[in-house]
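Each remark here refers to the structure printed beneath this line.
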Amino acid sequence: MSEMYNPKAIEPKWQQIWDDTKAFAAKNDYSLPKYYALVEFPYPSGQGLHVGHPRPYTALDIVARKRRLQGYNVLYPMGWDAFGLPTENYAIKNHIHPKIVTKNNVARFKGQLKSLGYSFDWDREINTTDPNYFHWTQWIFLQLFKKGLAYKTEMPVNWCPSCKVGLANEEVVGGCCERCGTEVVRRMRSQWMLKITAYADRLIDDLDTVDYVERVKVSQKNWIGRSNGAEVDFAIAGTEDKLRVYTTRPDTLFGATYMVMSPEHPYIEKYADRIKNMDEILAYREEAAKKSDFERTELAKDKTGVAIDGLRAVNPVTGAEIPIWVSDYVLMSYGTGAIMAVPAHDERDWEFAKKFGLPIVEVVAGGRDVQEECFPDVETGVLVNSGFLNGLSVEEAKKAIIAWLEEKGLGTPKRNFKLRDWVFSRQRYWGEPIPIVFCDKCGAVPLSEEDLPLLLPEVESYMPTETGESPLAAMTDWVNTTCPCCGGPAKRETDTMPQWAGSSWYFLRYTDPTNENALASMEALKYWMPVDWYNGGMEHTTLHLLYSRFWHKFLFDEGAVPCPEPYAKRTSHGMILGENGEKMSKSRGNVINPDDIVNEFGADTLRTYEMFIGAFELAASWSQEGVRGCRRFLERVWKLQDMVVPGDAYSLETKMHQTIKKVSSDFETLKYNTAIAAMMTLVNDYYREGKLTQADFKSLLIMLNPVAPHITEELWEVCGFGGYLHNAKWPEYDEAKTIENTVEIAVQINGKTRAAVTIAKDADKETAIAAGREALSGRLTGTIVKEIYVPGRIVNIVMKP
RNA sequence: GCGGGAGUGGCGGAACGGCAGACGCAGUGGACUCAAAAUCCACCGGUGGUGACAUCGUGAGGGUUCAAAUCCCUUCUCCCGCACCA
């Protein structure tokens with residue numbers, strides 16, 4: 001009789017063995033077939049691991065372990081994205097250096113991850129706050145700077161008054177700070193920017209070359225927001241000047257009955273002397289500036305504006321003089337900051353025209369009365385009231401008008417993006433110093449690469465300041481330096497990089513984590529890259545995922561990496577919700593601590609449960625009873641050891657081949673829940689049989705190993721199957737053996753099941769129909785119209801009464 | 001408003017156009033036990049029937065098909081992004 005299943009004993013035992021034998025270290029033998037599985041490295045917060053973390057980590061641990069069993073050289077690494085605000089805030093509050101806070105948190109996280117039995121290659125552990133690591137983060141910044149892709153400019157930033165830090169557009173959610181929820185205000189500041197917009201086209205186009213889940217691709221495309229249209233010049237009446245607009249509907253040019261400029265448009269200053277109602281316009285501009293982005297969005301539907309008195313434009317095709325308005329529904333940050341308004345065919349223009357009584361002229365026929373309803377459709381309409389465009393479809397008209405505009409020198413085709421450049425400065429201590437000095441003579445000068453890494457100075461206080469200056473600014477010893485260019489006095493940049501910097505290239509470092517001469521050797525990169533499978537949260541789709549693709553493309557252009565895309569495949573997991581279906585949070589009191597689950601049930605149970613909980617990509621609610629059920633399943637597996645009989649043939653051959661097939665494919669397609677269900681069914685079958693052979697047990701243990709690695713290794717050892725299970729070979733299945741010789745198929749009358757018969761799997765139609773008729777004897781009371789037989793599936797007899 | 005996703009038992013969830021509800025949880029009955037827990041076995045969508053069985057059933061309404069949770073049209077609800085992007 002076997003001992004009791006005791007995860008508290010066997011789990012630490014195997015974790016120790018895996019550590020001691022370096023069981024999961026990726027080999028630097030570049031002749032082996034490789035597999036690079038990656039999960040997003042965590043921010044080591046003070047709270048420790050959340051039950052959300054094990055879901056993606058276990059999923060890719062399953063993939064990594066399965067690949068090793070299939071003979072691949074697997075890289076499944078882990079590290080720490082450790083720069084960041086919470087650590088700094090904790091340090092300020094408790095007067096502990098952020099370095100120490102980070103060290104403690106990392107130790108805690110690492111202990112927790114080890115207790116879950118992940119097959120990470122801990123020899124390749126990295127930490128973004130390690131100078132040997134951020135050396136290369138700074139190096140990448142210097143390359144961006146040298147190529148003109150990092151630049152400093154005075155611009156309005158999204159300022160969080162609570163965090164006292166500027167935020168990237170991607171970090172502002174609904175007008176509020178992504179982190180603390182405080183409403184963001186706009187502030188002018190000199191900021192470092194990264195020119196991600198230079199890569200906008202490639203960031204969209206290359207999505208066609210990678211295997212990402214559709215929703216990620218769609219989000220990225222929408223965020224980048226590419227649109228194709230034209231820029232058109234409108235003459236300003238009585239001047240030589242032009243007002244340039246961007247439009248995606250140049251075909252509607254004949255219907256442009258007025259124009260609108262953003263309140264910040266420079267022409268307001270330029271033509272101050274001609275504008276008669278300047279006071280009114282400046283007052284409007286002030287009002288608009290006062291509105292936060294949030295308010296501006298809230299009030300979106302209620303259009304406001306002021307007509308400029310004294311400035312009119314000329315429609316280049318109709319020659320008509322049309323008024324120019326100022327309204328905050330036109331943004332200075334997109335296109336040219338001015339639009340031509342075609343109220344008949346644009347929702348917003350229509351609303352504005354209705355409110356202010358501006359003329360609405362139909363130029364695309366096909367909708368209802370444009371005085372009553374706007375007609376924005378581009379599919380079905382036909383051009384009218386448009387001179388030489390009349391009778392054309394929208395698509396044809398676009399081509400025709402653009403050609404005409406180009407010929408006359410009045411316009412050009414133009415493509416625009418919603419994507420803005422990346423605000424890259426943070427006024428904080430706990431981040432990578434930006435390796436730039438400012439010299440009165442030479443301007444912004446990069447440090448020489450030999451002077452990297454530029455370390456953070458030791459400071460007394462990490463407090464951010466009300467003025468928005470970085471705490472580093474107070475460190476005059478550190479700030480005052482000499483110019484690397486002329487040797488004269490110079491000051492260091494005191495802003496630091498955002499948290500997204502370190503995570504934008506970390507996957508490269510894992511391939512060669514201790515390299516001192518480069519971010520990684522080309523040889524290692526050529527072998528390991530791209531990442532074969534990367535899983536992470538949807539919340540990073542427009543942040544980390546986009547940023548890292550941008551950096552990677554830049555590095556590819558620089559010849560520093562061998563491939564244009566970093567990740568061949570990207571999947572995303574759903575959130576784990578509390579037992580009540582709500583997001584887990586301290587205030588809701590529904591937080592589950594993974595340590596408690598490991599203590600009470602064991603790591604294997606937690607892993608099994610999180611994979612069984614539901615469809616991997618969807619959110620799922622925690623259920624303590626469900627956890628118990630998974631523990632029960634593992635207990636049943638444990639007790640199978642007493643039912644094993646000698647034998648190297650499968651006792652339930654068909655069933656086993658079916659299960660191997662299902663588990664093998666389900667592990668590849670994120671269907672961990674049905675893979676586990678299939679193994680549960682198999683175990684239930686062995687209980688029904690009362691026995692199973694060694695061959696049965698071996699294959700079952702190997703298949704279950706990626707999910708529940710400790711119990712399976714232990715059983716492998718206890719049963720004396722030889723060596724370590726993690727060195728075993730993934731079982732093969734034979735397609736022919738997944739099909740029973742006889743099958744039970746349903747017999748239907750008019751599509752309704754009335755009986756079932758067991759026939760040979762390859763029975764011909766006549767045999768099957770005959771068997772079906774026999775099973776239905778007595779019910780076949782009408783006229784048979786048709787008989788259908790789908791081998792292995794169904795017999796259907798169609799009958800009229 | 002736009003985009004994405006989801007609506008199936010008491011619950012979490014399964015179902016290449018082919019017997020809806022696999023698997024798990026909860027529940028019911030039985031075995032074991034002095035008893036309970038644990039474990040093992042069986043049952044477990046609604047309605048009617050002792051029963052074989054009949055009948056209804058995948059958010060709602062139509063349609064295609066021998067056959068629809070699955071495909072097509074219409075419609076409702078919920079969740080998640082984005083949001084005056086010209």
Among residues of segment A:607-630, those that are part of a helix (DSSP H, G or I), crowded, with 21+ Cβ neighbours inside 10 Å and more than 8 Å from RNA strand B (Cβ to nearest atom), counted: 6
Strands (runs of 3 or more DSSP E) (entirely within segment A:143-235) containing at least 1 residues that are surrounded by fewer than 17 Cβ atoms within 10 Å (Cβ to Cβ) and at pLDDT below 95: A:150-160, A:185-194
Residue tally, condition surrounded by fewer than 15 Cβ atoms within 10 Å (Cβ to Cβ) and in contact with a strand residue (DSSP E or B) (Cβ under 8 Å, 6 or more places away or on another chain), over segment A:443-468: 1
Qualifying residue in segment A:666-677 (condition: closer than 16 Å to A:TYR733 by Cα, open to solvent by less than 20 Å² (accessible area, probe 1.4 Å) and in contact with an Asp or Glu (Cβ under 6 Å, 6 or more places away or on another chain)): yes
Count - residues of segment A:678-728 that are hydroxyl-bearing (Ser, Thr, Tyr), more than 10 Å from RNA strand B (Cβ to nearest atom) and either within 22 Å of A:SER115 (Cβ to Cβ) or surrounded by fewer than 16 Cβ atoms within 10 Å (Cβ to Cβ) (or both): 2
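Condition check ((1) over 13 Å from A:TRP533 (Cβ atoms); (2) surrounded by fewer than 19 Cβ atoms within 10 Å (Cβ to Cβ)) across all residues:
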residue: A:PRO12; (1), (2): yes, yes
residue: A:PHE24; (1), (2): yes, no
residue: A:VAL39; (1), (2): no, no
residue: A:ASP61; (1), (2): no, no
residue: A:VAL74; (1), (2): no, no
residue: A:GLY79; (1), (2): yes, no
residue: A:LEU85; (1), (2): yes, no
Looking only at segment A:89-122, and only at residues there that are among the aliphatic types (A, V, I, L, M) and not in a helix (DSSP H, G or I), the one that is nearest to the chain's Cα centre (by Cα): A:LEU116
Output for segment A:469-493, where each listed residue is in a loop (DSSP other than H, G, I, E, B) and surrounded by fewer than 20 Cβ atoms within 10 Å (Cβ to Cβ): A:GLU469, A:MET475, A:CYS483, A:PRO484, A:CYS485, A:CYS486, A:GLY487, A:GLY488
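Sort through A:TYR43, A:TYR36 and tell me the only one that's at pLDDT 95 or above, touching an Asp or Glu at 6+ places or on another chain (Cβ under 9 Å) and not small (Gly, Ala, Ser).
Working: A:TYR43 fails: at pLDDT 95 or above.
Result: A:TYR36 is the single residue among A:TYR43, A:TYR36 that is at pLDDT 95 or above, touching an Asp or Glu at 6+ places or on another chain (Cβ under 9 Å) and not small (Gly, Ala, Ser).
Here's a check for you: in segment A:777-791, which residue that is within 6 Å of RNA strand B (Cβ to nearest atom) and not charged (D, E, K, R) is farthest from A:ALA760 (Cα to Cα)?
Within segment A:777-791, the first condition is being within 6 Å of RNA strand B (Cβ to nearest atom), and the residues that meet it are A:786, A:788, A:790.
Next, from what is left, pick out any that are not charged (D, E, K, R): A:788, A:790.
Numbers: A:ILE788: 17, A:VAL790: 13 Å.
For segment A:777-791, the residue satisfying everything is A:ILE788.
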Residues of segment A:758-801 satisfying the condition of being of a type in the set (D, E, K, R), open to solvent by less than 80 Å² (accessible area, probe 1.4 Å) and at pLDDT below 85: A:LYS761
Identity of the residue in segment A:8-42, assigned to a loop (DSSP other than H, G, I, E, B) and among the hydroxyl-bearing types (Ser, Thr, Tyr), that ends up nearest to A:HIS53 (Cα to Cα): A:THR21
Among the residues listed as A:LEU508, A:LEU519, the single one being open to solvent by less than 50 Å² (accessible area, probe 1.4 Å), modelled with pLDDT of 95 or more, on the phi < 0 side of the Ramachandran plot and outside any loop (DSSP other than H, G, I, E, B): A:LEU508
Residue within segment A:370-382 that is within 14 Å of RNA strand B (Cβ to nearest atom), over 21 Å from A:TYR271 (Cβ atoms), without any contact (Cβ under 8 Å) to a residue 40 or more places away in the chain and open to solvent by less than 20 Å² (accessible area, probe 1.4 Å) present: yes
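Can you find a residue in segment A:559-569 that is of a type outside the set (Gly, Ala, Ser), over 21 Å from the mean Cα position of the chain (by Cα) and either over 24 Å from A:SER219 (Cα atoms) or outside any loop (DSSP other than H, G, I, E, B) (or both)?
Taking segment A:559-569 as the starting set, the residues that turn out to be of a type outside the set (Gly, Ala, Ser) are A:561-567, A:569.
Adding the requirement that they be over 21 Å from the mean Cα position of the chain (by Cα) leaves A:561-562.
Cutting the leftovers down to either over 24 Å from A:SER219 (Cα atoms) or outside any loop (DSSP other than H, G, I, E, B) (or both) gives us A:561-562.
So far as segment A:559-569 goes, yes, one or more of its residues are of a type outside the set (Gly, Ala, Ser), over 21 Å from the mean Cα position of the chain (by Cα) and either over 24 Å from A:SER219 (Cα atoms) or outside any loop (DSSP other than H, G, I, E, B) (or both).
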Index of the failed condition, A:GLU286 passing every other in (1) at pLDDT 90 or above; (2) more than 14 Å from RNA strand B (Cβ to nearest atom): (1)
Filter result (assigned to a strand (DSSP E or B) and either basic (Lys, Arg) or open to solvent by less than 20 Å² (accessible area, probe 1.4 Å) (or both)) within segment A:321-337: A:ILE322, A:ILE324, A:VAL326
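Does A:THR318 satisfy being in contact (Cβ under 8 Å) with a residue 40 or more places away in the chain, within 8 Å of RNA strand B (Cβ to nearest atom) and open to solvent by 20 Å² or more (accessible area, probe 1.4 Å)? I'd like the intermediate steps shown before the answer.
Details: in contact (Cβ under 8 Å) with a residue 40 or more places away in the chain: yes; within 8 Å of RNA strand B (Cβ to nearest atom): no; open to solvent by 20 Å² or more (accessible area, probe 1.4 Å): yes.
When the stated conditions are applied, A:THR318 does not pass them.
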From the options A:ILE759, A:ILE739, A:ILE769, A:ILE794, residue that is touching a Phe, Trp or Tyr at 6+ places or on another chain (Cβ under 8 Å) and either away from RNA strand B (no atom under 15 Å from the Cβ) or among the hydrophobic types (A, V, I, L, M, F, W, C) (or both): A:ILE769
Enumeration of residues in segment A:494-505 that are open to solvent by 10 Å² or more (accessible area, probe 1.4 Å) and of a type outside the set (A, V, I, L, M, F, W, C): A:THR494, A:GLN499
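So in segment A:523-543, with the set limited to residues that are within 16 Å of RNA strand B (Cβ to nearest atom) and either hydrophobic (A, V, I, L, M, F, W, C) or not in a loop (DSSP other than H, G, I, E, B) (or both), which one is nearest to A:GLU214 (Cα to Cα)?
A:MET538
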Any pair with Cβ under 7 angstrom, 6 or more apart, that starts in segment A:90-108 at a residue that is under 18 Å from A:ILE126 (Cβ atoms) and ends at one that is open to solvent by 30 Å² or more (accessible area, probe 1.4 Å): A:ASN105/A:GLY46; A:VAL106/A:ASN127
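Taking the residues in segment A:338-356 that are outside any helix (DSSP H, G or I) and near RNA strand B (Cβ under 6 Å from one of its atoms) as candidates, determine which candidate is surrounded by the fewest Cβ atoms within 10 Å (Cβ to Cβ).
In the first step, residues of segment A:338-356 are kept if they are outside any helix (DSSP H, G or I); the result is A:338-342, A:346.
Next cut, near RNA strand B (Cβ under 6 Å from one of its atoms) only: A:339, A:346.
Numbers: A:ILE339: 26, A:ASP346: 22.
In this case the residue turns out to be A:ASP346.
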Enumeration of residues in segment A:191-241 that are more than 16 Å from RNA strand B (Cβ to nearest atom) and either closer than 26 Å to A:MET259 by Cβ or in contact with a Ser or Thr (Cβ under 7 Å, 6 or more places away or on another chain) (or both): A:GLN191, A:TRP192, A:MET193, A:ALA235, A:ILE236, A:ALA237, A:GLY238, A:THR239, A:GLU240, A:ASP241
Residue list for segment A:579-600, filter: within 19 Å of A:LYS8 (Cα to Cα) and either open to solvent by less than 10 Å² (accessible area, probe 1.4 Å) or out of contact with any helix residue (DSSP H, G or I) (no Cβ under 7 Å at 6 or more places or on another chain) (or both): A:ASN593, A:PRO594, A:ASP596, A:ILE597, A:ASN599, A:GLU600
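The values are calculated or read from the model by the stated rules, or taken from the named source; none is laboratory data. Keep in mind the model is a prediction, meaning the values are calculated, not measured. Quick reminder, even Gly has a Cβ in these numbers, built from the backbone with ideal geometry, and neighbours come from all protein chains shown. Keep in mind that these areas ignore ligands, DNA and RNA; they rest on the heavy atoms of the full protein, side chains included. Shrake-Rupley method; radii C 1.70, N 1.55, O 1.52, S 1.80 Å.
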